[in-house]
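Heads up: the structure comes next, in C-alpha cells.
The values are calculated or read from the model by the stated rules, or taken from the named source; none is laboratory data. These numbers were taken from a predicted model, which means no experiment stands behind them. Note that each Cβ is placed from the backbone with ideal geometry, even for glycine, and that neighbours are counted across all protein chains shown.
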Amino acid sequence: MTTGFFSHPDFLLHEMGEWHPECPARLQAIEDQLIASRIDALIERDESAPLATEADLLRVHTQAHIDFIRNTAPKEGYASIDPDTLMNPHTWQAALRAAGAAIAATDAVLAGRYENAFCSVRPPGHHAEPARAMGFCFFNNIAIAARHALEVHGLQRVAIVDFDVHHGNGTEAAFAGDSRVLMCSFFQHPFYPYTGAENPAPNMVNLPIAARTKGMEVREAIDIMWLPRLHEFKPEMVFVSAGFDAHREDDLGNMGLVEDDFAWITEQIREIAGRYAKGRIVSSLEGGYNLSALGRSVVAHLRALADI
C-alpha cells in the first residue's frame with residue numbers, strides 16, 4: 001500500500017501562546033517518532049498543501065464565517081476567538097493550508113496516486129461548525145474534504161470516522177441529515193463540547209463513552225455499533241478525523257486507549273475501505289496533546305494505514 005503523508009512548514013507558524021497545548025511541537029513530535037520508528041522511508045511525503053480557496057470553504061462554511069476569520073486575523077500578537085482559540089498573524093494561512101492539504105490528499109487518493117493518505121496538519125478542524133470557530137478549530141478540514149469528494153468528484157456515499165476524545169460537533173453540524181454521508185464517532189461523555197449524545201440524526205452513529213473507559217470496551221462498541229452500519233452503507237471513500245487524545249497518557253481527556261487500540265480501529269477502517277471504497281482513505285490530524293503518546297499513536301495509525 002502507498003500511503004501519502006501531507007504536511008507543510010506553514011503549520012508550524014500558527015501558535016496560540018506558550019501555555020497552549022495545541023502547539024507546533026505536536027507536529028515535531030510526530031516527525032521525531034516517524035524517524036525513530038524507521039517508517040519515515042516507507043511512506044511518501046507530499047508537501048502539496050495548497051491554500052484552500054473561498055469556494056472550497058463555502059462548501060461547508062458560511063460567507064459570514066469566512067469573512068469573520070479573515071477579518072479577525074491580527075497583524076501582530078493574538079486575536080481571541082474564544083478563551084481557548086486564538087489567532088496569530090500566521091493562523092489564517094495555516095488554516096487555509098490545513099483544509100487545502102485535506103483537499104489535495106483527497107484529489108491524490110481519488111487519482112490513484114496513493115491508496116490512502118494522512119494529513120499531519122494544524123490547526124485541527126472537527127469542532128469548526130459552518131458558522132462558528134471553536135475548540136482550537138477554524139475551518140473543518142475533514143468536512144471540507146468530504147464535501148469536495150461529493151460535489152467536485154461526484155461520489156455518492158462517503159463515510160467519516162471520528163475517534164477524537166471530543167465529539168466532532170462541527171462535522172455533525174455540517175452533515176446531519178445528509179444521506180450521502182455516514183458519520184461514526186465515539187467520544188468521552190459528558191465532556192467538551194457537550195454535544196452528540198442527544199437525538200443525533202439518522203446518519204450519525206454516535207457512541208458516548210464514559211471517562212476511564214479502556215480500549216477493549218471501545219473496540220467492542222465499535223464492533224457492535226459502527227461496523228454493521230458501515231457495511232450496510234458501503235462508502236465509496238472513508239475520511240478520518242484522527243484524534244489521539246483518548247490515549248491514557250493524554251491529560252486533555254480521561255480515557256484509557258493505547259497505541260494498539262488506534263491501530264485496531266485503523267485496521268477496521270482499512271478493511272471497510274478495502275471492501276467498498278477501493279482502499280481510499282484520507283485521514284487528518286485532530287487532537288492529541290501528550291507529545292510522546294501523540295507521536296507513537298500516529299506511527300501506529302500510519303503502520304495500519306500502510307499495512308507495514
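The C-beta contact set for the stretch 58-72 (first residue on the phi < 0 side of the Ramachandran plot and aromatic (Phe, Trp, Tyr), second residue in a loop (DSSP other than H, G, I, E, B) and surrounded by 12 or more Cβ atoms within 10 Å (Cβ to Cβ), distance under 8 angstrom, 6+ apart or interchain) comprises 68/133. Counting residues in the stretch 134-144 that are buried (at least 24 other Cβ atoms within 10 Å of the Cβ), of a type in the set (S, T, N, Q), closer than 20 Å to residue 276 by Cα and modelled with pLDDT of 95 or more gives zero. Filtering the stretch 150-174 to residues that are surrounded by 24 or more Cβ atoms within 10 Å (Cβ to Cβ) and either in contact with a Leu (Cβ under 9 Å, 6 or more places away or on another chain) or part of a loop (DSSP other than H, G, I, E, B) (or both) leaves 158, 159, 160, 161, 163, 164, 165, 166, 167, 168. The strands (runs of 3 or more DSSP E) located wholly in the stretch 18-132 that include 2 or more residues which are more than 17 Å from residue 283 (Cβ to Cβ) occupy 79-82, 85-87.
Give the residues of the stretch 133-149 that are within 18 Å of residue 183 (Cα to Cα), outside any loop (DSSP other than H, G, I, E, B) and within 13 Å of the chain's Cα centre (by Cα), sorted by residue number. 141, 142, 143, 144, 145, 146, listed by residue number.
Of the helices (runs of 4 or more DSSP H) lying entirely inside the stretch 212-279, those containing at least 1 residues that are in contact with a helix residue (DSSP H, G or I) (Cβ under 6 Å, 6 or more places away or on another chain), among the acidic types (Asp, Glu) and surrounded by 18 or more Cβ atoms within 10 Å (Cβ to Cβ) are 259-276.
When we screen 36, 29 for residues that are among the hydrophobic types (A, V, I, L, M, F, W, C) and either at pLDDT below 95 or surrounded by fewer than 15 Cβ atoms within 10 Å (Cβ to Cβ) (or both), the only hit is 36. Within the stretch 272-285, the only residue that satisfies the criterion of being of a type in the set (D, E, K, R) and within 19 Å of the chain's Cα centre (by Cα) is 280. Quick one: would you say residue 105 is more than 18 Å from residue 129 (Cβ to Cβ) and touching a strand residue (DSSP E or B) at 6+ places or on another chain (Cβ under 7 Å)? Spelling it out, residue 105 is indeed more than 18 Å from residue 129 (Cβ to Cβ) and touching a strand residue (DSSP E or B) at 6+ places or on another chain (Cβ under 7 Å). Within the bounds of the stretch 292-299, is there any residue that is closer than 16 Å to residue 33 by Cα, within 14 Å of the chain's Cα centre (by Cα), in a helix (DSSP H, G or I) and among the aliphatic types (A, V, I, L, M)? Checking the stretch 292-299: at least one residue is closer than 16 Å to residue 33 by Cα, within 14 Å of the chain's Cα centre (by Cα), in a helix (DSSP H, G or I) and among the aliphatic types (A, V, I, L, M).
Would you pick out the residues in the stretch 79-103 that are more than 19 Å from the chain's Cα centre (by Cα), within 21 Å of residue 7 (Cβ to Cβ) and surrounded by fewer than 23 Cβ atoms within 10 Å (Cβ to Cβ)? Result: 88, 89, 90.
Please indicate, with yes or no, whether at least one residue in the stretch 232-245 is at pLDDT 95 or above and at positive phi. Within the stretch 232-245, one or more residues are at pLDDT 95 or above and at positive phi.
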